[in-house]
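These notes are about the structure you will find just below.
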């Protein structure tokens, strides 16, 4: 009987820098799913890789003083080494600088142009370089990128566009008739309500303002925009050929059974990618799952905050499987998860050292102590044995049910619930008491056999999530892992088998203070990006002396009715009260500034802003990260005091 195929992809990692543990989570999650499918007997194809074009990379390479290709070669290699460190079993690691990929992207672009789905125009809007995304003013959130929260810059350039509106109704119908297409349900609602139903703007699919991209073969002034390039990897990595000479892999594995991506790039995968496939007359993927983020304890990981945690640093303290366990078990299905050094330590101690490690060690140690390591089933059973067997044999069905819904954390919880039941079984059967009487030794043999059999089944279920640990457990029990068909059966461990006489400690308990001390060595210093300020011509003290600066006390502040940017102030300057208008409404609520003593330029010529007279200027500091702060007086100076 031919195996059922299963093709899973992750998003390809952007080669702008080393991926943190939040980025690494995705490939570990994907690996656990494909390992589970392989265990079930599926013919699995698992693809991951790196996204290597775009303006951000061109700028990073320039900063590093090397070519973009040298830059992405280095970062892609680092990403691949981390994926390998985490024991991920991918079948294909694609790079978007691979020659075969670039050629197919060029063919795809030209085909869509030739059939009228791509056309030339001009783009004018707000551009976020880190996200490689254009936005309209209305799409910005507090004036910043709605995806990453960073500053956007105005951009205008000639570009090619993909006609999204042509396929919108067809895509809406597909989503409505394929209820599993976008998961979780909340992500589907977000895409429908925020993007599809209000109407789509055509998508910019080329750029002229930088060169690090795949050239448009019929217009070499343009390079293919990163998303059309990057998204195509899911088919080019299977050997797709637009001219009809596709590899057998494409014919066999496409459509993808699952695109596993972060929730921040859901729009690109559930709207732009399906429309591209429709335009190419290629079947759509079966499911797209937008997983949540793994956050640091104090919010989203950021180098500028200095709160980034990397997988290799975690592994150096906890080990690969402990890190895999944490990120898989602690990430909710639909909400963001949290990782800190303290939380990982707590989980290692409670779940891995106590629940699992202690169970395996106690069972092997008792087998050695009481029977020289030989495990026999004497068949002396009691009612409590049936209760244990029921829990053990029913667990795999529960795990499968959770995995079918991509609820990986819940699946792992089911396995550890079973291990906890085994620990309870030890307390219920009291082997140490049974060992005191020769008459109860047969009963003790059965108890230990039941424990060894239960642990073997549990280790087999653990294999997709903690592969090294599963192998270590069965090696110590001198047996092998079970296949999926055997995990609902009890009693397959061969009676008379001898376990190891020197059990290995699977997970040692850790001291949290020691862990935090080691973690300090890995903590990156916050990255300070100093503002770039255009220098002005040199002035003399006489020039400066022309400006009159005085301390002003804010008495009143309110929005200017006709403007979203302006606030109007009543400010005391000595025995005079002035009205001053300032464009800082997006940075301050009016009530925040009342009572503050601020620096004011008092000899500016009055002007009218939105019909409101302004009799001076409040001084503020602004950086190129979009932050602004009104300049206040440190000490309690009398309003009207001269600033000199």
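Any read-out appearing in this document is the output of simple, stated calculations on the displayed coordinates, not a laboratory observation. Being a predicted model, the structure only gives us computed values, none of them experimental. Cβ sites come from the backbone with ideal geometry, for glycine too, and all protein chains shown count toward neighbours.
Here are the numbers for the structure shown:
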read-out: Length-normalised contact order of segment 85-167 in % [C-alpha pairs under 8 Å, at least 6 apart]; value: 29 percent
read-out: Potential extension, residue 624-residue 601 segment - 0.36 nm per residue separation minus Cα distance; value: 6.0 nm
read-out: Range of Cα positions in segment 372-510 per principal axis (Å), largest first; value: 49, 32, 31
read-out: Alpha-carbon centroids, segment 535-561 and segment 77-125: separation in whole Å; value: 52 Å
read-out: Average Cα contact separation per residue, segment 167-286, under 8 Å, 6 or more apart, as relative contact order %; value: 26 percent
read-out: Spacing of the two label points (7 Å from each Cα toward its C-beta) at residue 378 and residue 485, in nm; value: 3.5 nm
read-out: Global form of segment 46-161, assessed from the alpha-carbon gyration tensor, a/c cut-off 1.5; value: oblate
read-out: Under 15 Å from the residue 576 label point (7 Å along Cα→beta-carbon), backbone N, segment 618-644; value: 618, 639-643
read-out: 18 Å cut-off, amide nitrogen to a point 7 angstrom out along residue 492 Cα→Cβ, residues in segment 453-471; value: 453-465, 470-471
read-out: Modelled FRET efficiency - R0 22 Å, residue 513 with residue 300, Cβ distances, 0.05 increments; value: 0.25
read-out: Computed [θ] at 222 nm, deg cm²/dmol, the chain (DSSP H ≥ 4; -39,500 (n - 2.57); rounded to nearest 500); value: -11500 deg cm²/dmol
read-out: The chain, relative contact order [Cα under 8 Å, separation at least 6], %; value: 12 percent
read-out: Peptides 594-605, 260-271, 431-442 ordered by average Cβ neighbours within 10 Å, highest first; value: 260-271, 594-605, 431-442
read-out: Rough spin-label spacing in nm, given labels placed 7 Å along Cα→Cβ, for residue 354 and residue 405; value: 2.8 nm
read-out: Angle in degrees between helix 358-371 and the longest Cα principal axis of the chain, rounded to the nearest 10; value: 20 degrees
read-out: Which labelled figure in (i) 37.7; (ii) 31.8; (iii) 34.1 is mean projected area of the Cα convex hull in nm², once derived from the coordinates; value: (i)
read-out: Potential lengthening between residue 362 and residue 211 on full extension [0.36 nm per residue; Cα-Cα distance subtracted]; value: 48.1 nm
read-out: Cα gyration tensor shape of segment 541-643, rounded if a/c is under 1.5, else prolate or oblate by comparing a/b with b/c; value: rounded
read-out: Cα centroid of segment 492-516 to Cα centroid of segment 588-602, whole Å; value: 64 Å
read-out: Gain on full stretching of the segment that runs from residue 537 to residue 103 - 0.36 nm per residue minus C-alpha separation; value: 151.2 nm
read-out: Projected label distance in nm at residue 544 and residue 141, using a 7 Å step from Cα toward the beta-carbon; value: 4.3 nm
read-out: By average C-beta atoms within 10 angstrom, highest first, the peptides 553-563, 202-212; value: 202-212, 553-563
read-out: Pairwise centroid distance, computed over Cα atoms, of segment 343-364 with segment 262-336, Å; value: 27 Å
